[in-house]
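The values are calculated or read from the model by the stated rules, or taken from the named source; none is laboratory data. Bear in mind the structure is a predicted one, so any value in this text is a computation, not a measurement. Neighbour counts run over all protein chains shown; Cβ positions are idealised from the backbone, glycine included.
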Amino acid sequence: MSLLKKNFLPFRILAIESSCDETAAAVLEEGRILLSSVVASQIDLHQQYGGVFPEVASRQHIRVIYDVVDQALQQAHMSLANIDAIAVTRGPGLAGSLVVGMNMAKGVALGSALPLIGVNHLESHIYSAWLYPEEAPKPPPAPEFPLLALLVSGGHSELVLMSDHLTYQRLGGTLDDAAGEAFDKVARLLGLSYPGGPAIQNAAQTGNSKAYNFPQSKMEGTWNFSFSGVKTAVLRQVRDLEKSGRPLPIFDLAASFQASIVDVLFDKTMAAAREFKVKNLLVAGGVSANQSLRDVFTSQKEFPVFIPPLKYCTDNAAMVAAAGYYRFVHGKTDSLDIDVLPNWPLS
Ligand SMILES: Nc1ncnc2c1ncn2[C@@H]1O[C@H](COP(=O)(O)OP(=O)(O)OP(=O)(O)O)[C@@H](O)[C@H]1O
Ligand SMILES: [Mg+2]
């Protein structure tokens, strides 16, 4: 039973996400019970550019956002009269994309006299681990603090210590490419499709991960990552192999590259978890969809680990609603004159 409303009806958040190339909306009840989640992906539009084209992204958000929000309400069998707050991604992300979601959220909040909650996109990725598969009969236990979050996405690779809800201490992050970015760039190098993560994972399935010994930048003495070295090593290897005139061993290259990234992420996260004596581990962001990464973390028995269900790893609004819920509970609502923050750091 909700403690947030005097009439004891469940507390529901409508959330909107438009930070990059997904337009998404979701309705979440009591912080963890997902009533709907709609994601309109723009991958087809950006594939020809091999990455996200910002102006194309914002224009597409404008075209679909009304329908996406409407569908999220319909699928939840709700109208705005059943909603208690509006959460929206405020940043980081592409300014032109963020503005579309923000203006939609402000319009809805103003029109329905609802509180507005601006949410950090990285915090949303972290809170995606509070979501659970629809088929679960009841909510499983939530992550416990202190926890260590490995956030690996298209634009970020961060190790974040959380002593409590909304309390983030950034231990380190990538000094160059993000893990997802490395997957995307290496996929392009190997002639695989965009986005690169799923393409590399598929190719790696039949490859030998020990075929090539790509370097792992350990960044000793820090909690930082660096992925540009492995990317360059793959490039050199590809150039050498091309000289032979034979077809590239794509599967082996993909498997060896993936293993190199997964090993570094796993080793560094485990070392930090031990050092900071955390209770739980959390892995989130688009790269947490990677099966090999999920397997190494779920196979270790030292720390209970929370990884979002596959469909909530990449951008979605369910995770915005989950983070928005905890912001609301902690009294963090925003006024209708807030601006988007394209470079908003987590802590
Ligand atoms: N199975 C997978 N294996 C590895 N990487 C993956 C997989 N699935 C998706 N990715 C990668 O995840 C990234 C997309 O994740 P996400 O949507 O969280 O990024 P983003 O929102 O663009 O970046 P950010 O969250 O940092 O702003 C892409 O780089 C994609 O290649
Ligand atoms: Mg993201």
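Is it the case that GLY101 is more than 14 Å from ligand 2 (Cβ to nearest atom), touching a helix residue (DSSP H, G or I) at 6+ places or on another chain (Cβ under 9 Å) and either touching a residue at least 12 places away in the same chain (Cβ under 8 Å) or under 26 Å from ASP339 (Cα atoms) (or both)?
No, not satisfied.
Being in contact with a His (Cβ under 8 Å, 6 or more places away or on another chain) and crowded, with 24+ Cβ neighbours inside 10 Å narrows it down to one of LEU159, LEU150, LEU122, so name that one.
Just one listed residue meets the conditions, LEU122.
Can you confirm whether SER209 is under 17 Å from VAL296 (Cα atoms) and in a loop (DSSP other than H, G, I, E, B)? Talk me through it step by step, then tell me what you get.
On the way: under 17 Å from VAL296 (Cα atoms): yes; in a loop (DSSP other than H, G, I, E, B): yes.
The answer is yes for SER209.
Out of the residues in the range 92-143 meeting the condition of being more than 16 Å from ligand 1 (Cβ to nearest atom) and in contact with a Ser or Thr (Cβ under 7 Å, 6 or more places away or on another chain), tell me which one is farthest from ALA57 (Cα to Cα).
If we take residues in the range 92-143 being more than 16 Å from ligand 1 (Cβ to nearest atom) and in contact with a Ser or Thr (Cβ under 7 Å, 6 or more places away or on another chain), then PRO115 is farthest from ALA57 (Cα to Cα).
Inspect the range 335-344 for any residue being over 30 Å from LEU28 (Cβ atoms) and either in contact with a Ser or Thr (Cβ under 8 Å, 6 or more places away or on another chain) or away from ligand 2 (no atom under 16 Å from the Cβ) (or both) and give the result as yes or no.
no
I'd like to check something: does the range 45-64 contain any residue that is farther than 30 Å from LYS185 by Cα and either modelled with pLDDT under 95 or not in a strand (DSSP E or B) (or both)?
Looking through the range 45-64, none of the residues is farther than 30 Å from LYS185 by Cα and either modelled with pLDDT under 95 or not in a strand (DSSP E or B) (or both).
I'd like to verify a number: residues in the range 54-91 that are of a type in the set (Gly, Ala, Ser), closer than 21 Å to GLU123 by Cβ and within 15 Å of ligand 1 (Cβ to nearest atom), how many?
Matching residues across the range 54-91 total 1.
Given the conditions (1) of a type in the set (S, T, N, Q); (2) in contact with a helix residue (DSSP H, G or I) (Cβ under 9 Å, 6 or more places away or on another chain); (3) over 18 Å from GLY286 (Cβ atoms), report the number of the one that GLN75 does not fulfil.
Here GLN75 meets the rest and fails (2).
May I ask you to say which residue of ALA203, ALA284 is out of contact with any Asp or Glu (no Cβ under 6 Å at 6 or more places or on another chain), crowded, with 17+ Cβ neighbours inside 10 Å and in contact (Cβ under 8 Å) with a residue 60 or more places away in the chain?
Numbers: ALA203 fails: in contact (Cβ under 8 Å) with a residue 60 or more places away in the chain.
Step by step, each of ALA203, ALA284 is checked, and only ALA284 is out of contact with any Asp or Glu (no Cβ under 6 Å at 6 or more places or on another chain), crowded, with 17+ Cβ neighbours inside 10 Å and in contact (Cβ under 8 Å) with a residue 60 or more places away in the chain.
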